[in-house]
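Peer 1: Got a structure for you, questions after.
The values are calculated or read from the model by the stated rules, or taken from the named source; none is laboratory data. From a predicted model like this one, the values you see are computed outputs, not experimental measurements. Cβ placement follows ideal geometry from the backbone for every residue including glycine, while neighbour counts extend to all protein chains displayed.
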Amino acid sequence: MEAYLDSLLYRTRDADRTFDLIVVGDPEIPAWLCGTGRISVQRYEGARSTGLDRIRVTAAVVRQYLRLNDPVELRQITQPRWHAPGILLGTIGHHVRVCTRASASLFEEYREAPSPVRAWLANNAIGRSIFLANAVYTPKYGGIDLPVWAPADLVVEERRVNGDRFSPDARPHEELFSQSTNRVLTVGRISRRKGTDLLLAVAERVPDAEFVAVGPVGDEDLAAAVEGASNITRHPPMDYLEMPSLYTDCDIVLSVSRLEWGGVSRAMLEGMASGRPVVALDRGCAREVVDEAVPDDPDVIANTIQRALN
């Protein structure tokens, strides 16, 4: 959410254009977002919920907000399969343009879920309610097509990062890596979905490179394997404002994630904007974005990294 809102502010530079951010519960909102003067956080009480309860809570919050405000547009920027139906229900009877967001992966990722049947119902049954909105925003890479019955307008949204923030001029972190050359950065959750098993195999084949994996732990076994690797250092998630310094401190950005919108991760876009060569899995539209798109093969990836480092 933080990165999306930063790119939204970057795309809409008109200082007079402001946004209300509707928040349920008490999640921490980065102070810098509020400090821009363009985002006003509107907090509402609501129990932590999942599934159908999240739809109900979202609808109730939207109704509360609309009783006191008269927005031109409401846009969902979080999980579409639960929040989007809630927004649609909450806006019934109000003249407000409702916009949802979705990528093709919403309807495909059930294959990787612990319970494929339940995930299919959530993503492909409930998830299709997004098409009942006034407009559906979809990313340029990995976007969706509207079904013939959908009344919504389709808006293709350019996936961008803040080019003022992520640039080759950003100050290097300087403490992330221990060596001065052959530094490879990966950003993302420690999990098979994000390709951590592939990262381990690649690092073993490039022993003279130093790999740093920045992100939360999603798989404890893979995290333990990373900790035990001789040339990989795991680093916890970093503050968003510090992220540009990570990219300018490395020699190569490696993205081995197996599940991204259209095969394009935000780390890939941020690495390219920072002027660093990016090596990524050849999935979806990745080759339209990065320097090197490679197959899910540790030998090929290792050879590509060695060639790029030399």
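Peer 1: Can we say Pro244 is exposed (fewer than 15 other Cβ atoms within 10 Å of the Cβ) and under 28 Å from Arg171 (Cβ atoms)?
Peer 2: Working: exposed (fewer than 15 other Cβ atoms within 10 Å of the Cβ): no; under 28 Å from Arg171 (Cβ atoms): yes.
Considered against the rule, which asks whether it is exposed (fewer than 15 other Cβ atoms within 10 Å of the Cβ) and under 28 Å from Arg171 (Cβ atoms), Pro244 comes out as no.
Peer 1: Say we look at the stretch 55-81 and pick out the residues that are closer than 29 Å to Val264 by Cα and surrounded by fewer than 22 Cβ atoms within 10 Å (Cβ to Cβ); which of these is modelled with the lowest pLDDT?
Peer 2: Gln79
Peer 1: Could I ask something else about it? Among the candidates Ile126, Ile144, Ile92, which residue alone is hydrophobic (A, V, I, L, M, F, W, C), part of a loop (DSSP other than H, G, I, E, B) and within 17 Å of Ile55 (Cα to Cα)? So that I can check it myself, show each step before the final result.
Peer 2: Working: Ile126 fails: part of a loop (DSSP other than H, G, I, E, B); Ile144 fails: within 17 Å of Ile55 (Cα to Cα).
Sole residue among the options that is hydrophobic (A, V, I, L, M, F, W, C), part of a loop (DSSP other than H, G, I, E, B) and within 17 Å of Ile55 (Cα to Cα): Ile92.
Peer 1: Output the residues belonging to the stretch 158-186 that are over 17 Å from Met268 (Cα atoms) and either at pLDDT below 90 or of a type in the set (Gly, Ala, Ser) (or both). Break it down stepwise before answering.
Peer 2: We begin by selecting, within the stretch 158-186, every residue over 17 Å from Met268 (Cα atoms); these are 169, 171-182.
Hits for the stretch 158-186 are Glu174, Glu175, Ser178, Ser180.
Peer 1: For the stretch 1-19, which positions are without any contact (Cβ under 8 Å) to a residue 40 or more places away in the chain and outside any helix (DSSP H, G or I)? Spell out how you get there, then give the answer.
Peer 2: Keep residues of the stretch 1-19 that are without any contact (Cβ under 8 Å) to a residue 40 or more places away in the chain, which gives 8, 12-19.
Result: Thr12, Arg13, Asp14, Ala15, Asp16, Arg17, Thr18, Phe19.
Peer 1: Are any residues in the stretch 112-156 touching an Asp or Glu at 6+ places or on another chain (Cβ under 6 Å) and among the hydroxyl-bearing types (Ser, Thr, Tyr), and if so, which ones? Explain how you work it out, then say what you get.
Peer 2: Within the stretch 112-156, the subset touching an Asp or Glu at 6+ places or on another chain (Cβ under 6 Å) is 135, 137, 139-140.
Scanning the stretch 112-156 gives a single hit, Tyr137.
Peer 1: Tell me, which strands (runs of 3 or more DSSP E) wholly within the stretch 147-249 include 2 or more residues that are among the hydrophobic types (A, V, I, L, M, F, W, C)? Even if it seems obvious, please write down each step before you answer.
Peer 2: Working: elements: 153-157, 183-187, 210-214, 232-235.
Hits in the stretch 147-249: 153-157, 183-187, 210-214.
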